[in-house]
Amino acid sequence: TTDNQNTQLTDGFHLVIDALKANDLDTIFGLVGIPITDLCRLAQAEGLRFIGFRHEQHAGNAAAIAGYMTQKPGICMTVSAPGFLNGLTALANATVNCFPMILISGSSEREIVDLQQGDYEEMDQLNAAKPYCKAAYRINHIEDIGIGFARAIRAAVSGRPGGVYLDLPAQLLAQTMPADEAKKSIFKVIDPVPRQIPAADAVARALDVLKGAKRPLILLGKGAAYAQADKEIRDLIEKSGIPYLPMSMAKGLLPDNHPQSASAARSFVLAEADAVMLVGARLNWLLAHGKGKTWGKDPKKFIQIDIQANEVDSNVQIAAPLIGDIGSCVSELLKGISAVPKPSAEWIAAITDKKDKNTAKMAETLAKEANPMNFHGALRVIRDVIKKNPDVNLVNEGANTLDYCRAIVDMYKPRKRFDSGTWGIMGIGMGYAIGAAVTSGLPTVAVEGDSAFGFSGMELETVCRYNLPITTVVFNNNGVYRGTDVNPTGGADVAPTVFVKDARYDKMIEAFGGVGYYVTTPAELEAALTEAIAAGKPALINAVIDETAGTESGRLTNLNPSTAAAKK
Ligand code: ADP
């Protein structure tokens with residue numbers, strides 16, 4: 001032994017925690033097990049916040065949304081093979097949505113894994129992760145922990161943000177080295193999100209397109225919300241006078257009741273605009289790929305602000321690409337905006353007219369007192385309660401629940417709406433809600449279709465365990481899309497889309513000590529939601545919705561393949 005020496009040793013466990021702390025990464029979302037249990041214990045002992053989940057996918061989703069809210073990578077920690085794979089779904093989703101996160105997974109013995117000799121939870125995790133994230137790294141030596149974390153952090157947040165996989169073999173955690181040397185190997189990443197200034201000629205080109213436009217439109221995506229350039233974006237919109245549309249997670253970047261919001265005339269402006277400036281929004285399926293009926297007859301000129309150069313021309317030709325970070329790009333445009341003529345009174349009047357008509361029609365639908373309660377009746381209440389509580393985080397998923405909520409419930413502050421996102425998926429509900437509540441400390445309301453809720457429902461225990469201010473509202477219409485399908489064979493099995501009738505989701509949360517509400521009318525929903533938000537404690541409102549309400553796949557009916565054979 002070296003007992004004559006005075007060398008203090010440290011180990012991999014401590015250095016991983018030191019690397020996180022050095023970079024102000026103070027929260028870990030995870031699930032313990034071999035080989036990371038002691039690592040998670042140590043993290044808590046060292047003052048980090050550890051939020052333990054019941055399934056890794058939701059821990060990963062929580063980390064991803066924390067990353068979106070803070071511009072710092074959200075941290076998710078899992079065990080090997082199956083735990084890693086559960087987390088990988090969230091890592092892939094984060095990458096697709098451009099949210100920065102790092103999935104850290106413990107892994108088994110490299111020598112055994114690589115010879116496929118059958119280790120406990122054997123899996124080549126590094127290579128499995130690669131196709132589904134922005135970058136994947138493994139740290140093999142304790143000396144490299146500092147640099148390994150620096151690489152992971154920089155990869156997650158610089159340029160287009162995304163998911164990074166970091167593989168920590170079990171043996172790494174147990175490795176030791178002299179503490180004084182180790183200290184020097186850990187550092188804080190300098191300028192992890194460097195500004196990227198757009199070229200002057202690209203700025204001039206974009207301004208020229210705006211100058212030549214008769215019917216301009218600005219489209220704000222969740223990249224614009226992520227960029228935290230709220231003031232610059234608001235200035236650009238207000239100084240230019242150009243009408244704008246927010247994509248769903250950009251709602252609230254400017255308050256949805258802003259006079260220049262064209263949301264209530266969405267179809268009209270998409271079809272009629274002659275120049276469209278995309279700010280952190282991709283021309284993917286959510287925007288009908290920038291072509292077809294949605295975009296009207298006449299060709300459009302697109303300006304695209306994005307940090308990712310090869311996003312340009314992904315679907316249609318972009319007349320003026322503006323590559324850089326959104327804050328810098330918008331600041332540069334602002335310098336020249338006074339030379340851009342205001343949009344014509346005709347264009348504004350046409351939009352206002354359309355907005356007024358659509359708003360009146362929607363008000364009529366919302367005012368109807370349907371019995372049993374339908375989506376509109378329930379969402380009118382959610383809309384009113386959110387208006388009174390604009391700081392509330394709103395998580396939203398489902399088919400009809402998502403489509404109607406997005407359209408009906410206004411947001412008033414940036415980065416408060418978290419939803420199914422780029423993939424249009426179900427399963428983000430409790431993970432995003434926990435991530436949002438933990439990150440902000442603010443009340444969070446998750447508006448969930450009953451089907452969507454099922455993917456993450458067990459995390460109600462997590463919500464209760466950490467006593468989080470989360471109110472989950474389950475729109476319960478007894479099934480996927482609807483609860484009315486029947487098995488055409490007359491057999492005992494229910495139809496593929498149908499659940500247990502009148503399931504008491506409110507009783508689930510009671511099992512963990514939370515408050516459950518069972519409501520069947522808008523008035524009851526309003527009372528329950530108001531009380532639950534004010535209490536700031538775990539609650540679940542089982543909102544019974546007409547089981548005949550709801551359309552197949554919500555607004556995505558056209559994405560279902562249909563058979564050419566005649567239906568019987
Ligand atoms: P939405 O779904 O709301 O339309 P998308 O996720 O499709 O939004 O698009 C977001 C875009 O924003 C991505 O192309 C991404 O590269 C870009 N982006 C993200 N952060 C920034 C930033 N800070 N500056 C510039 N572009 C960004």
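The values are calculated or read from the model by the stated rules, or taken from the named source; none is laboratory data. The shown structure was predicted, so the numbers you read here are calculated from the model rather than taken from an experiment. As a convention, Cβ positions derive from the backbone with ideal geometry for all residues, glycine included, and neighbour counts pool all protein chains shown. To get the accessible areas, we keep the full protein, side chains included, count just its heavy atoms, and leave off ligands, DNA and RNA. Shrake-Rupley method; radii C 1.70, N 1.55, O 1.52, S 1.80 Å.
Of note:
- Coordinate range along principal axes, alpha carbons of region 336-376, Å, largest first: 55, 20, 8
- Under 5 Å, built H, 5+ apart or other chain: amide partners of LEU253: ARG415
- Remark: region 423-495 carries 32 Å² of accessible area per residue (probe radius 1.4 Å; ligands, DNA and RNA excluded).
- Counting only DSSP beta bridges whose two residues both lie in the chain, roughly 5 percent are antiparallel.
- Which of ALA81, ALA273, ASN61, positive extreme of dipole for the chain (C-beta unit charges): ALA273
- Expressed per residue, the C-alpha convex hull volume of region 271-369 stands at 152 Å³.
- Within the accessible area of region 121-174 (1.4 Å probe), percent carbon and sulfur: 50
- More than 16 angstrom apart: percent of Cα pairs within region 265-310: 35
- CYS464 sits among other residues whose Cβ lies under 11 Å from its own Cβ, and their net charge, with Lys and Arg +1 and Asp and Glu -1, is -1.
- Model label sites at ALA271 and ASN127, defined 7 Å from Cα along the beta-carbon direction, differ in position by 5.3 nm.
- P(r) histogram, all alpha-carbon pairs of region 1-123 included - 5 Å bins from 0, percent: 2, 12, 19, 20, 18, 13, 8, 5, 2, 1, 0, 0
- Taken one residue at a time, the phi angles of region 504-517 give Karplus couplings (6.51, -1.76, 1.60, θ = phi - 60°) of 9, 4, 4, 6, 4, 6, 5, 4, 10, x, x, 9, x, 10 Hz. Gly and Pro are set to x.
- At 1.306 mPa s and 10 °C, Stokes diffusion of region 108-167 via Kirkwood alpha-carbon radius, µm² per second: 127
- Per residue, region 35-114 exposes an accessible area of 27 Å² to a 1.4 Å probe, with every protein chain left in place.
- In this structure region 321-383 gives 51 Å² per residue of accessible area when probed at 1.4 Å with all protein chains present.
- Restraint check, LYS297/LYS335; LYS297/LYS413; LYS21/LYS388; LYS387/LYS537, Cα-Cα greater than 30 Å: LYS297/LYS335; LYS297/LYS413; LYS21/LYS388
- Carbon/sulfur fraction of accessible area - region 1-107, other protein chains in place, 1.4 Å, %: 48
- For THR27, the amide hydrogen comes within under 5 Å of the amide hydrogens of ARG49, counting only partners 5 or more places away or on other chains and with H modelled in the peptide plane.
- Estimated FRET transfer efficiency (ASN257, ARG41; beta-carbon r; R0 51 Å; 0.05): 0.60
- Helical content of the chain, expressed as a calculated mean residue ellipticity at 222 nm, amounts to -11500 deg cm²/dmol (DSSP H runs of 4 or more residues, -39,500 (n - 2.57) each, divided by residue number, nearest 500).
- Taking amide H as placed 1.01 Å from N in the peptide plane, the amide H of GLN304 sits under 5 Å from that of LEU278, ALA320, LEU322, each at least 5 places away or on another chain.
- Residue-by-residue Karplus 3J(HN,Hα) for region 185-202, coefficients 6.51, -1.76, 1.60, Hz, glycine and proline x: 7, 9, 8, 8, 5, 7, 6, x, 10, x, 5, 10, 7, x, 6, 4, 5, 5
- Placing pseudo-labels 7 Å out from each Cα toward the beta carbon at LYS239 and TRP423 gives an inter-label distance of 4.0 nm.
- Charged-residue dipole, Cβ positions (Lys, Arg, Asp, Glu), the chain about Cα centre, Debye nearest 20: 2220
- Near-label residues of region 170-192 by backbone N, under 14 Å of a point 7 Å along Cα→Cβ of GLN117: none
- Summarising the strand pairing of region 408-551, around 5 percent of its internal DSSP beta bridges are antiparallel.
- Length released on extending from ASN140 to THR530, taking residue separation times 0.36 nm less the Cα-Cα span: 135.2 nm
- The fraction of accessible area contributed by carbon and sulfur in region 261-330 is 51 percent, rounded to a whole number (1.4 Å probe; ligands and nucleic acids excluded).
- FRET efficiency for TRP285 and THR7, using Cβ-Cβ distance with R0 set to 56 Å, rounded to 0.05: 0.40
- Sites GLN317 and LYS342 - FRET efficiency at Förster radius 22 Å, r taken between beta-carbons, to 0.05: 0.25
- Accessible area (Å², 1.4 Å probe, nearest 10) - ASP201: 90
- Built from the Cα atoms of region 63-131, the convex hull projects on average onto 4.4 nm², one quarter of its surface area.
- Based on Cα atoms of region 429-568, Rg over Rh with Rh as the Kirkwood radius reads 1.05.
- Contour minus Cα-Cα distance for LYS335 and VAL500 (0.36 nm per residue): 53.4 nm
- Taking 1.306 mPa s as the viscosity and 10 °C as the temperature, the Stokes-Einstein diffusion coefficient of the chain based on its alpha-carbon Kirkwood radius rounds to 63 µm²/s.
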